[in-house]
Each structure stands twice: as structure tokens, then as C-alpha cells.
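Structure first, commentary second.
The values are calculated or read from the model by the stated rules, or taken from the named source; none is laboratory data. Because the structure is a prediction, the values reported are computed rather than measured. With ideal geometry, Cβ positions are generated from the backbone for all residues, glycine too; neighbour counts draw on all protein chains shown. The protein model used for the area step is the full one, side chains on, heavy atoms only, and it has no ligands, DNA or RNA in it. Shrake-Rupley method; radii C 1.70, N 1.55, O 1.52, S 1.80 Å.
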Amino acid sequence: MITEMRMPKLGMAMKKGAVTKWLKVEGDQVREGDELCELATEKITATIPAPASGVLGRIVVPASRAELPVGALLALIGEPGDAFPSAEDLAPIATAPAAAPAVVAPPEGASGVGAARAPAAGGEVLASPAAKRRARELGIDIAQVPPSAAGKRVTTDDVEAFAAAPTTPAAAGRVVPFEGIRRVVAERLSESLQTMAQVTISREIQVHGLVVRRQELAPGFEAATGVRLTYTDLLVEAVARLLPEHALLNATLTDEGIVVAEAVHMGVAVALEDGLIVPVIRDAGTRPLGEIARERVRLSEKAQAGTLALDEVEGGTFTISNLGAFGADAFTPIVNPPQCAILGVGRIVDKPTVVDGRVTVCPAMWLSLTFDHRIVDGAPAARFLQALAGRLA
């Protein structure tokens, strides 16, 4: 029996992935569970195991950075002597979802799996993998490229001819492919705004206590922990210890009802060249400050290197996005689903303020809390900011 290996869904948000390296070659014997290929998604890199034992009879998708949807056919595993169709024959059905598998018929006079048939009209664009890859490189929508003859696949030559044809652009400028992390961020944020009743409340607070604490701890902190203490570390600690008193901000809305998380798993937004990602510091409410700082550094380094594992980016219950280092004062953060709240943090600025009837200069910063109004009302959200302001003053 021939077994299909298809693009797995590694997490709720995954829609596409790319095979970056095959660890076996065609003809190799494999056992179920053997590491077969390396896969890169918009968030993580993972090693994918073989779904069955047998012979790796056909690699349908060569290693590249080309993205394919979840369910795309990657390889075929069978028994010695099975007849496998060529990768070129399988290409038209490679992106057919597993829930509606394409029909694969044996060639005349042979047993096993044979030549693939093209999907029904209305499915994927009939184009070779190389043509799709070239279209992405040129920033061209493959659906707009006509084949050289009716009923044929779009080829690389067709794509390049389409690109070379004179056009009248709507506006001059360079076309940047809308893909990878940038596309995922856009899709998730759009989905977040469309599915939640998001409200943002902002408050400027005095943070004399926060600044003094960092000044007092910083000199010996790096020697003791090996990392530099940042305001983000102190904010993660403060917010994580405060959230149990404001439990609905650490909750998720499900079909069964509002699920309040027992622990605080803090997401910390990390800016990348092509988007952002939110690794998760687990059990932040019970970890000492040194562990929080070391974990933040470790996750940030993995985020920049693109090596975060799935369990390091999922399962967060609340998120902090600190744009203070970029000079931002106040902004409107968007909730990272399925969480129900996110705290935006601005820069710290010395400002004149009146204390006991006297004008003095104190460090201040803006906090912006966006929350899902279906779960949390305005007054409880404001009380959270008020309590946090008291802890940082």
C-alpha cells in the first residue's frame, strides 16, 4: 500500500510551509517516525517524521523556500516493487487537500500508483512548481498568467513572458512579495479585529519606582544572570504577578464559555525584519526575575534566528508589546488571538508633575490596554491599569 506524506498543520495558525531539506533520498528504506524532512513555517522550523514504514518512492516537492498550503502532497512511501508516478505527473495534484485527495490511477500494465490526474476546475492554478516559484520571485499573481496553449500548465517561460510584456502600472514602485511572516501577521491581525469587540484604553503613569528598581538591580544583575536587565523584564514580572487579581484579562472565549487560565504564560512581541513574532515565557507569574530575563533573551535570539519551536510560540495567555525603544509614546495594539488582551508600552520620558503642591520632574510613560469587550468591561480594564500604575510608581 502506498502512503501519502502531506504538509502537516503545525499549530492552529499554520496555513503554509516550505520543505527546506530532505533527510532521505528516493529509494531509501524508512521506518515510521524516522526524521524525513525539515519544514519551515512562518513561525518555526521543525523536523517531520515519516508517516509509515517502507520505501521513499517519490519526493514530489524538492527542497526549496517555496511555500505550499497545509495538505499539499510532499512524498509517497510504498513497498519495494511499487510503481510510483513521476514528480512531474504528480505536480498538478500536489496541492490538493488531504480531505479531498486527488485520484491517482496506475499506468497501463503496471501495479501500484500511476499517473496523476489534474484537479477539477476551480481548484489550484494549473502551473508547474518552478513557474509558481518564479511568479513569487517576480511578484506576479500566477492566476493572471495565461498558458501558452489552452488546457496546458503554466510554465516558467509563460511567467517570464508575462513579466516582460508592457504594462501600465497603477503606480510606479517596486513590488514586494506579500508572503511569509508578513502575510501571516496580516491575516491574523485582520482576523483578530473581525472576530473580537476590541477596545483600547490608555493611561499615562509615573514610573519612578520602575526606574529606581532597575537602577538598583542592574549593576549586579548581569554578573549574576549573564543577561542585561531591561524594563521589559520588570514589566513582565509586574504584569504576570498582577494578572491573577484581574483573571478575566488572562482568559479565552471558547464555544463552552470563558476559560480563565490557571497560569500566566506571557507573550512578548519581538520585531523581525519582515514582521513580528510573539514567543511565550511560560509560568511567568511564578518565575524569579532572573529566569524571566534569561528566557526573554533566549526566545528573542531564537526568534531572530528563525529557530523557535512550536511550543515556544503557542499557548500564551497575555501579551506585552513594548515600543518604547523605538521612541513611541502611545499606540493601539491588536489582541493576539485566542488571548483576550494585550498591553502596549511606550517610552519613558521625564515630565514635570505636581506632587504635594510642588512641581517636580518624574519619569512617565503611556500604557495602552486593548481588550476583548465581550469578556472584559471598561471598568475592570481600567482598574487593572490603575493597579499596575500603583506597582510601577
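Here are the numbers for the structure shown:
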{"read-out": "Centre separation in Å (Cα based) which lies between segment 312-363 and segment 264-280", "value": "15 Å"}
{"read-out": "Degrees separating the helix 129-138 axis from the principal Cα axis of the chain, which is the longest one", "value": "40 degrees"}
{"read-out": "Shape box of segment 181-392 [Cα atoms, principal axes, largest first, Å]", "value": "53, 40, 32"}
{"read-out": "T353 long-range amide H proximity, modeled H, under 5 Å", "value": "T360, V361, C362"}
{"read-out": "log10 of Debye I(q)/I(0), alpha-carbon scatterers only, for the chain at 0.12 Å⁻¹", "value": "-1.01"}
{"read-out": "GNM flexibility winner over the chain from A164, A40, A261 (Cα, springs under 10 Å)", "value": "A164"}
{"read-out": "Förster radius 41 Å - calculated FRET efficiency between D350 and T47 (Cβ-Cβ, nearest 0.05)", "value": "0.25"}
{"read-out": "Modelled FRET efficiency - R0 35 Å, Q386 with T307, Cβ distances, 0.05 increments", "value": "0.30"}
{"read-out": "Probe 1.4 Å, accessible area per residue of the chain, Å²", "value": "51 Å²"}
{"read-out": "Candidates P177, P333, P279: whichever shows maximal mean-square fluctuation once the chain is modelled as a Gaussian network with Cα springs under 10 Å", "value": "P177"}
{"read-out": "Rounded percent of accessible protein surface that carbon and sulfur make up, the chain, 1.4 Å probe", "value": "54 percent"}
{"read-out": "V259 versus A164: modelled label distance in nm, points set 7 Å from Cα along the beta carbon direction", "value": "5.6 nm"}
{"read-out": "GNM top mover of T254, T20, T155 - the chain, alpha-carbon springs below 10 Å", "value": "T254"}
